[in-house]
1. P(r) tail for segment 257-406, what percent of Cα pairs lie past 18 Å?
2. Just to be sure I understand: of the beta bridges DSSP finds with both ends in segment 134-261, what percent are antiparallel, rounded to 5?
3. Please compute the per residue accessible area over the chain with all protein chains in place, 1.4 Å probe, rounded to a whole number of Å².
4. Full extension from Asn85 to Thr395: what is 0.36 nm times the residue separation minus their Cα-Cα distance, to one decimal in nm?
5. Rank Glu382, Glu292, Glu179 by mean-square fluctuation in a GNM of the chain with C-alpha springs under 10 angstrom and give only the top-ranked residue.
6. GNM on the chain, C-alpha springs below 10 Å: top fluctuator among Pro72, Pro271, Pro32?
7. How much of the DSSP beta bridge set in the chain is antiparallel, as a percent to the nearest 5?
8. Sum -39500 (n - 2.57) across every DSSP H segment of at least 4 residues in the chain, then divide by the residue count to get the 222 nm mean residue ellipticity, nearest 500.
Amino acid sequence: MEIFEKNLRERRPFLWLNHNWRPAETALSSLPLSGNDISYAENRLERFAGILETLFPELRESRGIIESELLPAPKLAKRLGVPSNSGALFIKADHALPVAGSIKARGGIYAVLYYAEKLAIEEGVLSDENADHLKLLGKPARAIFAERTLSVASTGNLGLSIGVMGAALGFKVTIHMSEEAKEWKKERLRNRGVEVVEHESDYIAAGKAAREQAYGDPLLEFIDDENSRELFLGYAVAISRLKRQFNEAGIQISPNAPLFIYLPCGVDGAPGGITFAARIQFGDDAHCFFAEPVNAPCMTLGLATGKHSDTTIYDYGIELQTDADGLAVSRPSQFVGEMMEPLLSGCYTLTDETMYKHLLSMYESEGIEVEPSAATGCEGPEMLLNTDEGRRYLTEHSLTNKMRNAIHVVWTTGGLFVPKEQHVEFRGVKK
Ligand SMILES: *Cc1c(COP(=O)(O)O)cnc(C)c1O
């Protein structure tokens, strides 16, 4: 704990191993959600596929399913110094997710669809879940949606996903943006008729303001990123699709071919949902690590102290200062933190400087353009393979001799709609 606190306070990058990790069998039985809940979410997305395809022409080819590619990344592996006897590197390319341009295209959009369906059934537009969902594009449904406001607090991308989806269905949408939200994200939303409220405070404070505004107003639905089951489950659907992509690539995750996933972490809904699903799907062969900026290590802090949302980075003298706007969160989610306790392998922190180095590496080696937050997963293999803590993890889990066939997945989480000139600027930081 002392070394942990010293590293944290001095903002020194480190890998923290989760001492509460448990085998899947015991870990999963104690949780409030299960694989069935993920299946419900997958089925709901299937029911909405026709609508999504109609509203967003870019989804025609995938028939209304929002999904990203799994890309082999041998050149990036070389650049990151991952030796071939330590396994193969892949990129799960959520930076290119259509419609919202980030990982929020899963959770955020799912949360809106969940609410729309529930409301439509309550109001009698749909007789039940199996009715023809295309009715939701008709006049009676739109009239109902137009009376309601969806609201959410965001550092940028969650607002983008909920704003785009909500507006497309005819809801009024109010996005409470924290101070780090990028101007182009606000502009993109305003162009779609979304109301953007700018807060001169961090994400947690913006969330508090939004939550209070919604309190007691039946026509205002606040989607609470810190406590939302729906967001969490929307993110979780990624794993059954990843499994399919592994199958297509002839990859079989097993004790002799372990899976390591490196996930950029903000308030924790997205990486949390993915970790939950990965431990259900791959059991103890899935090893998930969260990446956080040294100046925004809220999840590491919450898990290591066991205090979750009862602690903030400010308690440790850390200022929320990072260019990783998607990860700029001062206090972790209690709901997700408790779920992660037995499931997560560990967390690591990194500097913005290292993050920009990786952003440039991804572009130069694989031609991929991501936003800064999305590059943080690249530090995972280094932390696992080349630190004392990482080697200890491999030893404790009897993995040292099984790395030859390991699969490392760097999860890139945003970037598609970043203006061209900003990408150039991002690369310029480390040029
Ligand atoms: C939101 C976001 C994350 C992290 O998701 P959380 O649910 O906040 O942990 C990571 N990367 C990007 C680009 C994001 O927008």
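1. Of all Cα-Cα distances in segment 257-406, 57 percent exceed 18 Å.
2. Counting DSSP beta bridges with both partners in segment 134-261, the antiparallel share is about 5 percent.
3. Ligands and nucleic acids excluded, the result is 39 Å² per residue.
4. Contour length minus Cα-Cα distance gives 110.0 nm.
5. Sorting by GNM fluctuation, first place goes to Glu382.
6. The residue with the greatest mean-square fluctuation here is Pro32.
7. Antiparallel bridges: around 20 percent, rounded to the nearest 5.
8. Value at 222 nm, helices only: -13000 deg cm²/dmol.
The values are calculated or read from the model by the stated rules, or taken from the named source; none is laboratory data. Note that the coordinates shown come from a computational prediction; the quantities given were computed from them, not determined experimentally. We place every Cβ from the backbone using ideal geometry, glycine too, and count neighbours over all the protein chains shown. Remember, those area values only see protein heavy atoms, side chains included, never the ligands or the DNA or RNA. Shrake-Rupley method; radii C 1.70, N 1.55, O 1.52, S 1.80 Å.
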